[in-house]
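Novice: Quick one: the structure is below, and I'll ask about it shortly.
The values are calculated or read from the model by the stated rules, or taken from the named source; none is laboratory data. Remember, it's a predicted structure, so these values are computed and weren't measured experimentally. Positions of Cβ are generated from backbone atoms using ideal geometry, with glycine treated the same way; all protein chains shown enter the neighbour counts. Note: accessible area is taken over every heavy atom of the protein model, side chains too, but ligands, DNA and RNA are not part of it. Shrake-Rupley method; radii C 1.70, N 1.55, O 1.52, S 1.80 Å.
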Amino acid sequence: MRDSFFKSHIDFLLIFAFFAIPPLFNGGQASYTPSIPIISLLIQFLLCIYIIWKYKIKKIDLKKASFFSLILILVLLLVNSLFWNFISGIFISKGMEIEKIMPVGISETIYTVLCFSISALYEELLYRQFLPDESLSMIPSKHLRLPVEILIVLLFALGHIYLGIWAVMNAFVAGCLLRFFCVKTASFLSGFIAHFIYNLIVFFFM
């Protein structure tokens, strides 16, 4: 029985162990920067391809990924971010903010945008599609569905702990919103595009 379970969910167990757990113990980052090493970026992209292949895009209804849902998600993400920035500003002393290192020149800017696009795609496919869907498929009880959904969002949020507790709160609410729209629209597309644009706005303009 155990061997059968392991074989049926080997990809979930490996992805959970090597992609979902490590961000919880990354030890923090020196600055808020998307300077992801090219190897890590490539691995994230390959995982995205695998998840898309696994679902064979049959769960993705592009018609439901409307322009309205995209704008609504983006607005909600920005409002959520502004709220937590305001709250954090009350409790964080001036000079204690995390330093943001901006890209210099066209090549660094292009690489930064590339990092954000792949990271947004990676997070939407991993945390909004693969992990929750696979976890729920292993749980027969309907009473455990909500706790599992919350646990996956919490996992995503705690991956932002290096940015501080308020960033974790921001990520938790954002994760709930993105998962909700992913389920309602039967597509990660609106969430991905909104997530990508949101990251660019926050990084370059906020």
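Novice: Taking the residues in the stretch 69-102 that are open to solvent by less than 100 Å² (accessible area, probe 1.4 Å) and more than 30 Å from residue 179 (Cβ to Cβ) as candidates, determine which candidate is modelled with the lowest pLDDT.
Specialist: Filtering first and then ranking leaves 95.
Novice: Cβ-Cβ below 9 Å, separation at least six or inter-chain, first residue in the stretch 64-92 and of a type in the set (Asp, Glu), second part of a helix (DSSP H, G or I) and open to solvent by 90 Å² or more (accessible area, probe 1.4 Å): which pairs?
Specialist: Qualifying pairs under 9 Å: none.
Novice: Would a scan of the stretch 106-115 turn up a residue that is open to solvent by less than 40 Å² (accessible area, probe 1.4 Å) and either in a loop (DSSP other than H, G, I, E, B) or closer than 14 Å to residue 203 by Cβ (or both)?
Specialist: yes
Novice: Pairs needed: first member in the stretch 109-121, of a type in the set (S, T, N, Q); second member anywhere, open to solvent by 20 Å² or more (accessible area, probe 1.4 Å) and outside any helix (DSSP H, G or I); C-beta distance under 6 Å; at least 6 residues apart or different chains.
Specialist: As it stands, the answer is 109/103; 112/103, since those pairs meet every condition given.
Novice: Kindly provide the set of residues from the stretch 190-202 that are open to solvent by 10 Å² or more (accessible area, probe 1.4 Å) and more than 18 Å from residue 131 (Cβ to Cβ), ordered by number.
Specialist: Across the stretch 190-202, the qualifying residues are 193, 196, 197, 198, 199, 200, 201, 202.
Novice: Also, I was wondering about something else. Before we move on, is residue 132 farther than 18 Å from residue 80 by Cβ, part of a helix (DSSP H, G or I) and touching an Asp or Glu at 6+ places or on another chain (Cβ under 8 Å)?
Specialist: Taking the combined requirement at face value, the residue satisfies it.
Novice: Does residue 49 meet the test of being within 30 Å of residue 37 (Cβ to Cβ) and either small (Gly, Ala, Ser) or modelled with pLDDT under 90 (or both)?
Specialist: In short, no.
Novice: Here are the criteria: (1) under 22 Å from residue 22 (Cα atoms); (2) open to solvent by less than 40 Å² (accessible area, probe 1.4 Å); (3) of a type in the set (Phe, Trp, Tyr). Tell me which single one residue 166 does not satisfy.
Specialist: For residue 166, the exception is condition (2).
Novice: For the stretch 121-153, enumerate the residues that are small (Gly, Ala, Ser) and buried (at least 18 other Cβ atoms within 10 Å of the Cβ).
Specialist: 135
Novice: Of everything in the stretch 134-157, what is closer than 18 Å to residue 13 by Cβ, in contact with a Lys or Arg (Cβ under 8 Å, 6 or more places away or on another chain) and modelled with pLDDT of 90 or more? Give them in sequence order.
Specialist: Those that are closer than 18 Å to residue 13 by Cβ, in contact with a Lys or Arg (Cβ under 8 Å, 6 or more places away or on another chain) and modelled with pLDDT of 90 or more: 136, 152.
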